[in-house]
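K.L.:
Questions regarding the structure given below will be posed in turn.
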Amino acid sequence: MTKSTLRATVSALVITALAGPAIAAEVQPIGTGRTDHQLIYEVIEDGLAALGYETEEMLTAAYPAIHLSVGQGDAHYTAVHWKPLHDEYYANSGGDDVFMRAGPTYTNAMQGYFIDKKTADAHGISTLEQMKTAEVAAIFDTDGDGLANLTGCNPGWGCEKVIEHHLDAYELRDHVNNDKGEYFALMADTIERFEAGQPIFYTAWAPNWIMSVLVPDQDVVFLNAPFSSLPGQDSPNTEWEDGRNPGFGANDNYILVNREFAAANPAAFAFLNGLRIPIADLNAMMDRVNAGENSPKEIETVARDWIAAHQADFDALVGKAKAAN
């Protein structure tokens, strides 16, 4: 090596050191594998690509394992982390020592218990408490045991823990069956029953394509909980300003990032921290996927259509993220 080459090499190393941590060439996401969530990941992937990152193939797991993977650095981020619903997973996986929350991507996400409006109007049903009445529970009995059948959440989801808590807190255990399994498969059956004119009882949240198929206050109504009660919280307040109470707390969605990755990659974190996708936009995007645009290429197109509709804001965010490096 000549002296001039050596000087150039040393100079390059000094410049690199002064510039701070090098950008990681690859980013490892982890998610649930759900197609509705994939829309958010597609938007993120395009933004990170503009910053020079290559996204690895998605890892998938249940929420507890997702949090553990990000905390341990096996994955760099997950795009669906609800606060406060996932606070326990956050704390159990290392908390502030291993995580940084980017966002929120969207805010005030609601969840509740719903029944079809036709049955609600015909029988004057407006509260979850009424499920304790044998006559009301029998309306929603789909397996002949006299108990109302609730289409609930997957085992291991945060909402499943809330529902199980509610069954005890509201003394519904002897009146309601919490049907757990693959939520969207169960909801497909629930929607079929609705379309056949049969009563339905289920839980749902926004953003979610379910909200576009079973439209609140038009097709369905949510039932008021008797009082606020959430697992692990001493004095929760799930009541809305208008006095209604869905029983679930409003949640903000964050992108949960491994703290070491965030520190080493300020541009990536700045992009994730600044990304905003309104719930109404996500509902519309998810509805397109549910209507048939559900191949990997089509999901990518739906996400890129959203980016194109917000191109100026998206480009500004990418530019701001580059400046954070």
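The values are calculated or read from the model by the stated rules, or taken from the named source; none is laboratory data. Because the structure is a prediction, the values reported are computed rather than measured. When we count neighbours, we look across all protein chains shown, and the Cβ atoms used for this are built from the backbone with ideal geometry, even at glycine.
K.L.:
Within region 88-107, identify whether any single residue is surrounded by 13 or more Cβ atoms within 10 Å (Cβ to Cβ) and modelled with pLDDT under 90, and answer yes or no.
P.N.:
For region 88-107, residues surrounded by 13 or more Cβ atoms within 10 Å (Cβ to Cβ) and modelled with pLDDT under 90: absent.
K.L.:
Now for a separate question. Sort out which residues of region 228-253 are without any contact (Cβ under 8 Å) to a residue 24 or more places away in the chain and hydrophobic (A, V, I, L, M, F, W, C), and write them in order of number.
P.N.:
TRP240
K.L.:
Here is a further query. Before we move on, is GLN233 over 24 Å from TYR106 (Cα atoms) and either at pLDDT 95 or above or assigned to a loop (DSSP other than H, G, I, E, B) (or both)?
P.N.:
Criteria not met by GLN233.
K.L.:
Considering only region 26-128, give the helices (runs of 4 or more DSSP H) lying wholly within it that have at least 1 residues that are over 13 Å from the mean Cα position of the chain (by Cα) and over 18 Å from LEU272 (Cβ atoms).
P.N.:
So the answer is 63-72, 87-92, 117-123.
K.L.:
Is there a residue being among the charged types (D, E, K, R) and buried (at least 17 other Cβ atoms within 10 Å of the Cβ) anywhere in region 142-149?
P.N.:
Residues of region 142-149 that are among the charged types (D, E, K, R), as a first pass: 143, 145.
Now narrow it down to the ones that are buried (at least 17 other Cβ atoms within 10 Å of the Cβ): none.
Checked region 142-149: no residue is among the charged types (D, E, K, R) and buried (at least 17 other Cβ atoms within 10 Å of the Cβ).
K.L.:
Follow-up question, since we're still on this one. Regarding ASN154, is this residue part of a strand (DSSP E or B) and touching an Asp or Glu at 6+ places or on another chain (Cβ under 7 Å)?
P.N.:
no
K.L.:
When residues of region 189-212 are filtered for being among the aliphatic types (A, V, I, L, M), crowded, with 19+ Cβ neighbours inside 10 Å and within 16 Å of ASN290 (Cβ to Cβ), how many remain?
P.N.:
The qualifying residues number 4.
K.L.:
If you go through region 150-176 one residue at a time, how many are surrounded by fewer than 22 Cβ atoms within 10 Å (Cβ to Cβ) and over 17 Å from SER229 (Cβ atoms)?
P.N.:
The total comes to 5.
K.L.:
Assess whether VAL257 counts as being β-branched (Val, Ile, Thr), buried (at least 17 other Cβ atoms within 10 Å of the Cβ) and modelled with pLDDT of 95 or more.
P.N.:
When the stated conditions are applied, VAL257 passes them.
K.L.:
For region 165-183, state whether one or more residues are touching a His at 6+ places or on another chain (Cβ under 8 Å), assigned to a loop (DSSP other than H, G, I, E, B) and assigned by TED's automatic domain parsing to the domain that holds LEU128.
P.N.:
Going through region 165-183, the residues touching a His at 6+ places or on another chain (Cβ under 8 Å) turn out to be 172.
This time we only want the ones that are assigned to a loop (DSSP other than H, G, I, E, B), so: 172.
Subsequent filtering for residues that are assigned by TED's automatic domain parsing to the domain that holds LEU128 retains 172.
Yes: region 165-183 contains one or more residues that are touching a His at 6+ places or on another chain (Cβ under 8 Å), assigned to a loop (DSSP other than H, G, I, E, B) and assigned by TED's automatic domain parsing to the domain that holds LEU128.
K.L.:
Same structure, new question: So ARG276 ticks every box in (1) touching a strand residue (DSSP E or B) at 6+ places or on another chain (Cβ under 9 Å); (2) surrounded by 16 or more Cβ atoms within 10 Å (Cβ to Cβ); (3) assigned by TED's automatic domain parsing to the domain that holds GLU88; (4) not in a strand (DSSP E or B) but one. Which box is left unticked?
P.N.:
So ARG276 meets the others, but not (2).
K.L.:
Go through (1) outside the structural domain of PHE261 (by TED's automatic domain parsing); (2) at pLDDT 90 or above for LEU13 and report which single condition fails.
P.N.:
Answer for LEU13: the failing condition is (2).
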